[in-house]
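A short write-up of the structure that comes next.
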Amino acid sequence: MANTEQELRQELSEEREQLADALESLREATNVGTILRSNLRVATIGALAAGFVVSGGVGATVRLLFGGESDEPEARRVWIISR
């Protein structure tokens, strides 16, 4: 029985080590800060592109809802806005 008990203790110890290694790998893989720092340029370009698309979408919706079509010519509307 002592031999079996010793084998069980050894197996449990090995399992603990494997679980600790797996947990450490998982922490590294899911660390958003590290991932962003390593891909900062790509993340910045993506954020700028997303902001541009979202602001364009909001601007188009506001224009559609509140701006609509006007009797004023395009040049006059631009002049009024730029004043």
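Odds and ends about this structure:
- Taking the numbered list (1) in contact with a helix residue (DSSP H, G or I) (Cβ under 9 Å, 6 or more places away or on another chain); (2) of a type outside the set (G, A, S); (3) modelled with pLDDT of 90 or more in turn, Q18 passes all entries but (1).
- Here G68 clears all of (1) exposed (fewer than 10 other Cβ atoms within 10 Å of the Cβ); (2) modelled with pLDDT of 85 or more except the condition numbered (2).
The values are calculated or read from the model by the stated rules, or taken from the named source; none is laboratory data. Note that this is a predicted model, so its numbers are computed, not measured. We place every Cβ from the backbone using ideal geometry, glycine too, and count neighbours over all the protein chains shown.
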